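Undergrad: This is the structure I want to talk about, given as structure tokens.
The values are calculated or read from the model by the stated rules, or taken from the named source; none is laboratory data. The structure presented is a predicted model; accordingly, all values stated were derived computationally and were not measured. All Cβ positions, even for glycine, are placed from backbone atoms using ideal geometry, and neighbour counts span all protein chains on display. Each accessible area value is taken on the protein alone, full model and side chains, heavy atoms only, with ligands, DNA and RNA left out. Shrake-Rupley method; radii C 1.70, N 1.55, O 1.52, S 1.80 Å.
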Amino acid sequence: MKRALVLMRRIARAMLGLGDYEAYCRHMADHHAGAPVMTRAQFFRNRQDARYGGAGTGKCC
Amino acid sequence: MKQHGPWIALALAGLGALANLAVMRGENVNALWLVFAAVSCFLVAYRYYALYIAHVVLGIDGTRPTPAVRRADGLDYVATDRVVLFGHHFAAIAGAGPLVGPVLAAQMGYLPGTLWIVFGVVLAGAVQDFMVLFISMRRDGKSLGELVRLEMGNAAGTIALFGTFMIMVIVLAVLALIVVKALAESPWGLFTVAATVPLALFMGLYTRFVRPGRVGEVSILGLIGLFAAIVYGQQIAASPVWGPIFTLTPVQLCWVLIGYGAVASVLPVWLLLAPRDYLSTFLKIGAIAALAVGIAITAPPLRMPALTAFVAGNGPVWAGGLFPFLFITIACGAVSGFHALISSGTTPKLIATEDDAPMIGYGAMLMEAFVAIMALVGASIIDPGVYFAMNSPAAVVGTDPAHAAVAVSAMGFAVTPDTIAHVAREVGEKTIISRAGGAPTLAVGMAEIFSHLFGGAAMKAFWYHFAILFEALFILTAVDAGTRAGRFMLQDLIGLAVPSFRAGKGALPSLVCTGLCVAAWGFFLYQGVTDPMGGVNTLWPVFGISNQMLAAVALMLSSVVLFRMKQQRHAWVTLLPTAWLLICTVSAGVLKIASADPRVGFLAHAGKVKAALDRGELLGPAKSMAQMHQMLVNDRIDAGLCALFLAVVASVLVFAIRACFQAVAFDRPSVHEIPDTLVPAE
């Protein structure tokens with residue numbers, strides 16, 4: 001039940017194109033240990049700007 | 001046999017249901033037949049055809065590093081669980097298109113639309129989405145324009161980019177037109193949609209400054225606000241003070257939308273676009289799920305006949321015969337070129353392994369076709385008389401129930417003025433006559449289904465406005481996001497000639513390009529709104545032609561890639577749908593330009609208007625000489641646009657054939673894939 005809820009949450013965030021903060025932190029820990037890591041709020045802003053900042057964001061059908 | 005037995009049974013059951021639909025006549029064809037037939041065909045197609053393409057044609061290789069693995073950065077390139085990625089991809093491709101096309105196509109009956117959606121998606125639409133995803137996935141997640149440039153040369157790439165921009169303009173105009181059709185003279189509807197602006201601003205500020213990134217809780221607050229707006233909208237509409245303020249004519253609404261598009265697309269994204277996108281995404285997924293559950297539980301009978309007399313091409317909703325016009329009227333849902341942009345957007349950068357590609361690329365498109373089938377059901381369960389009263393131009397059915405009932409009954413769909421007035425009253429609108437564009441019709445169908453589930457007839461008006469709000473909301477999001485995307489494309493295009501115009505080179509180019517983009521779609525929107533035939537009649541076919549041509553371009557790219565992979569013996573997988581789309585779009589394009597029937601051909605219509613002008617007469621619904629001149633100019637521009645699209649697709653075809661011959665002459669594969677041996681980029 002808990003796992004289903006977590007999955008639903010992840011799907012909902014993916015539908016909004018918000019990225020996965022946990023995956024980002026894991027990536028930074030694995031590959032760039034010691035480098036500065038964005039906070040959750042910074043990550044959110046970064047993803048928001050990335051989603052609507054290019055030519056590939058039009059959706060219609 | 002044990003393994004295939006159940007699948008064979010399912011295939012036979014699905015085809016049996018389809019055959020049954022084709023021969024069943026009379027009153028009591030249940031909508032579930034249609035849904036069952038479609039779903040079983042989709043499942044079988046996925047199990048056999050998608051996996052055949054994956055393993056035999058493309059040779060997908062689960063061990064080969066995807067862009068998400070090779071270039072992993074935790075941000076744009078992230079290996080994502082396939083169920084989660086399916087949600088992302090589906091939410092990105094599912095928009096207003098699959099809800100509108102099938103509703104318009106219902107004028108020919110439910111059968112032609114159903115067959116085209118089922119066979120179109122299996123053999124063309126899902127193949128296109130999957131192939132483009134595959135191609136982009138093997139090339140670091142490059143976009144469609146870059147892929148065409150890479151595999152077919154610079155010229156082809158530029159032409160494709162230009163074509164894409166023009167399609168974007170038409171899409172935005174036609175989507176905005178649907179909003180105008182749904183909200184004009186509807187204070188309740190306009191109030192609820194207008195209320196989303198302050199709501200979204202509040203949500204934007206909340207997620208930016210109060211609790212950054214907490215989209216879940218803020219979306220719940222937003223949804224509560226939305227429902228409150230629908231509930232209070234009824235009183236606002238009835239209020240002597242507020243009612244008139246929110247009652248706008250189509251032309252006024254058109255200018256409001258153009259102004260809105262210009263302002264919204266230069267605001268920071270976090271303020272208005274992003275939060276409204278959250279609301280519209282949740283509303284969209286929720287409404288689609290509710291519609292599926294509603295149809296399954298209520299099992300409504302289809303009241304539209306399987307085939308109507310309008311198959312021959314004399315229908316009031318859109319002009320033209322079954323071939324080729326059905327195949328461009330239902331674009332999204334069967335095959336949509338626009339998806340090629342999504343499949344080469346964020347999704348290929350998030351895919352964890354090549355093994356996930358069939359489920360994401362092919363599977364999500366099947367899901368979209370399922371949405372299209374539900375839209376077709378929604379339009380087919382309402383009284384056909386009401387359907388034609390709602391979707392015929394005012395020039396044909398007039399504007400009051402008495403005239404509309406006479407005109408629609410004369411079409412062969414008996415309906416009384418009382419029925420038409422009663423439906424309008426039930427959904428809380430002054431009139432439902434001549435509200436073409438799909439959204440209002442689908443809203444009536446959804447209100448019918450939902451009110452059976454919750455609240456009964458008393459809730460119909462609420463559900464109608466809920467459905468209108470849900471469609472208007474994501475169309476507005478698309479207008480806003482599309483204007484931004486169009487602006488970037490335009491900057492890229494102009495940047496080819498004038499490098500200082502490229503994105504990121506100052507505010508002036510981006511403002512200029514935003515202005516150009518809004519002016520371009522605004523022009524076609526205004527033309528559509530003032531069109532005496534209702535606009536949808538003219539613009540939707542142009543949209544369909546352009547969208548299907550983009551699909552043809554994407555499928556030509558896919559064919560070139562198959563030839564370059566030395567897999568040409570399997571290239572029929574893409575050549576077949578390419579050929580069909582070329583036949584449909586080229587004949588539709590030529591007919592729209594040159595057909596002698598003034599209802600179909602732009603030039604024939606222009607000739608008729610010109611002749612009347614020369615005689616000094618007014619024609620049909622035009623009320624002044626200025627309007628006559630306007631009609632003449634519109635016809636010529638629309639004909640020019642069709643010619644332009646034909647030129648784009650013809651030139652890409654030449655480049656594609658050339659690339660295929662080059663690939664055959666070469667003695668080894670000549671694809672531009674990222675080699676599988678390349679070490680991950682760090």
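Undergrad: For A:HIS31, what accessible surface area do you get with a 1.4 Å probe? Give it in Å², rounded to 10.
TA: It works out to around 100 Å².
Undergrad: To continue, here is another question. Between segment B:10-41 and segment B:446-521, how many Å separate their Cα centres?
TA: The distance from the Cα centre of segment B:10-41 to that of segment B:446-521 comes to 36 Å.
Undergrad: Under a straight-distance cross-link criterion of Cα-Cα below 26 Å, which lysines are reachable from B:LYS623, leaving out those fewer than 8 residues away in the same chain?
TA: Answer for B:LYS623, where 26 Å is the Cα cut-off: B:LYS181, B:LYS430, B:LYS592, B:LYS608, B:LYS610, listed by chain and number.
Undergrad: Relative contact order for chain B: what percent, with Cα pairs under 8 Å and sequence separation of 6 or more?
TA: Numbers: 1107 pairs, mean separation 161.2, N = 682.
Taking the mean separation of contacting Cα pairs over the length of chain B, I get 24 percent.
Undergrad: Something else: Whole percent per 10 Å bin, from 0 to the bin with the longest distance: what is P(r) over all C-alpha pairs of segment B:38-180?
TA: Percent of Cα pairs in each bin: 9, 27, 37, 23, 4, 0.
Undergrad: Output the direction-averaged projected area (hull surface divided by four) of the convex hull of the alpha-carbon atoms of segment B:631-678, in nm². Kindly include the intermediate steps, with their values, before the conclusion.
TA: Working: hull surface 20.7 nm².
About 5.2 nm², averaged over all directions.
Undergrad: What number comes out for the charge environment of B:ALA458, summing +1 per Lys or Arg and -1 per Asp or Glu over other residues with Cβ under 14 Å away?
TA: On the way: positive: B:ARG425, B:LYS460; negative: B:GLU426, B:GLU448.
Cβ neighbours under 14 Å give a net charge of 0.
Undergrad: While we're looking at this one, here's another question. Using a cut-off of 13 Å between beta-carbons, work out the net charge of the residues near B:LEU562 (Lys and Arg +1, Asp and Glu -1, B:LEU562 not included).
TA: Details: positive: B:ARG138, B:ARG564, B:LYS566, B:ARG569; negative: B:GLU151, B:GLU673.
Net of charged neighbours comes to +2.
Undergrad: If you don't mind, another one. How much of B:HIS88 can a 1.4 Å solvent probe reach, expressed as accessible area in Å² and rounded to 10?
TA: Only protein atoms counted, so the area is about 10 Å².
Undergrad: What distance in nm separates the simple spin-label points at B:VAL241 and B:TYR52, each placed 7 Å from Cα in the Cβ direction?
TA: 6.8
Undergrad: Sticking with this one: Go through segment B:88-93 residue by residue and turn each phi into a ³J(HN,Hα) via Karplus (6.51, -1.76, 1.60, θ = phi - 60°); whole Hz please, and just put x for glycine and proline.
TA: Karplus-based 3J(HN,Hα) across segment B:88-93 equals 4, 5, 4, 4, 6, 8 Hz.
Undergrad: Round to a whole angstrom and tell me the spacing of the C-alpha centers of segment A:1-53 and segment B:417-432.
TA: 48
Undergrad: While we're on this one: Every cysteine in chain B with no other Cys Cβ under 4.7 Å from its Cβ, please list them in numeric order.
TA: Here B:CYS41, B:CYS254, B:CYS513, B:CYS517, B:CYS584, B:CYS642, B:CYS660 come out as lacking a disulfide-compatible partner, given the Cβ-Cβ threshold of under 4.7 Å.
Undergrad: Using only Cα atoms, tell me the angle between helix B:439-453 and the longest principal axis of chain B; keep it within 0 to 90° and round to the nearest 10.
TA: With both axes taken from Cα atoms, the answer is about 80 degrees.
Undergrad: Rounded to a whole number, what % of the accessible area of the protein assembly as shown do carbon and sulfur atoms account for, probe 1.4 Å?
TA: On the way: 18450 of 27030 Å².
Carbon with sulfur: 68 percent of the solvent-accessible area.
Undergrad: Right, here's the next one. Just read off the accessible area of B:LYS284 with the full protein assembly in place, 1.4 Å probe, to the nearest 10 Å².
TA: We get 10 Å² for B:LYS284.
Undergrad: Then there's this: List the equivalent ellipsoid semi-axes of segment B:455-543 in whole Å, largest first, each obtained as the square root of 5λ for an eigenvalue λ of the Cα gyration tensor. Mind dumping the intermediate values first?
TA: Details: eigenvalues 259, 64, 16 Å².
Values for segment B:455-543, descending: 36, 18, 9 Å.
Undergrad: Here's something else I'd like to know. Keeping all protein chains in place and using 1.4 angstrom, which order do B:GLU354, B:GLU185 fall into by accessible surface area, from largest down? Each step should come with its number before you reach the end.
TA: Working: B:GLU354 5, B:GLU185 75 Å².
I get B:GLU185, B:GLU354, largest accessible area first.
Undergrad: Something else: Once both labels are modelled 7 Å past Cα along the beta-carbon direction, what's the B:VAL197-B:ARG502 spacing in nm?
TA: 3.6
Undergrad: Principal axis extents for chain B, Cα atoms only, whole Å, descending order, please.
TA: Rounded to whole Å, the extents work out to 72, 64, 62 Å.
Undergrad: Taking the Cα atoms only, what angle lies between the long axis of helix B:126-137 and the longest principal axis of chain B, rounded to 10 degrees?
TA: The angle comes out near 50 degrees.
Undergrad: Less than 20 Å from a label point 7 Å out along the Cα-to-Cβ axis of B:ALA289: which backbone N atoms in segment A:1-33 qualify, by residue?
TA: A:1-19
Undergrad: Using the reciprocal of the averaged 1/r over all distinct C-alpha pairs, how large is the Kirkwood radius of the protein assembly as shown in Å? Mind dumping the intermediate values first?
TA: Values: mean 1/r = 0.0382 Å⁻¹.
Averaging 1/r across every pair of different Cα atoms and inverting gives 26.2 Å.
Undergrad: Could you compute how fast segment B:558-682 diffuses translationally, taking Rh as the Kirkwood radius over C-alpha pairs and applying Stokes-Einstein at 10 °C with viscosity 1.306 mPa s? Give it in µm² per second. Walk me through the intermediate numbers first.
TA: Working: Rh = 18.1 Å.
For these conditions, the coefficient is 88 µm²/s.
Undergrad: Check B:ASN30: other-chain or 5+ apart residues with amide H under 5 Å from its amide H, H built from backbone geometry?
TA: B:LEU302
Undergrad: Give me the net charge of B:PRO401's neighbourhood, meaning all other residues with Cβ under 14 Å from the Cβ of B:PRO401; Lys, Arg count +1, Asp, Glu -1. Spell out each step's value before the answer.
TA: On the way: positive: B:ARG425, B:LYS430, B:ARG435; negative: B:ASP383, B:ASP400, B:ASP418, B:GLU426, B:GLU429.
Here the charged neighbours net out to -2.
Undergrad: Checking the a/c ratio against 1.5 first, then a/b against b/c, what shape does the Cα gyration tensor give for segment B:164-276?
TA: Details: a/c = 2.31, a/b = 1.12, b/c = 2.06.
Oblate shape, in that a/c is at least 1.5 and b/c is the bigger or equal ratio.
Undergrad: Interface size between chain A and chain B, please: total buried accessible area, 1.4 Å probe, rounded to the nearest 100 Å².
TA: Working: alone 5420 and 25170 Å², together 27030 Å².
Approximately 3600 Å², summed over both chains.
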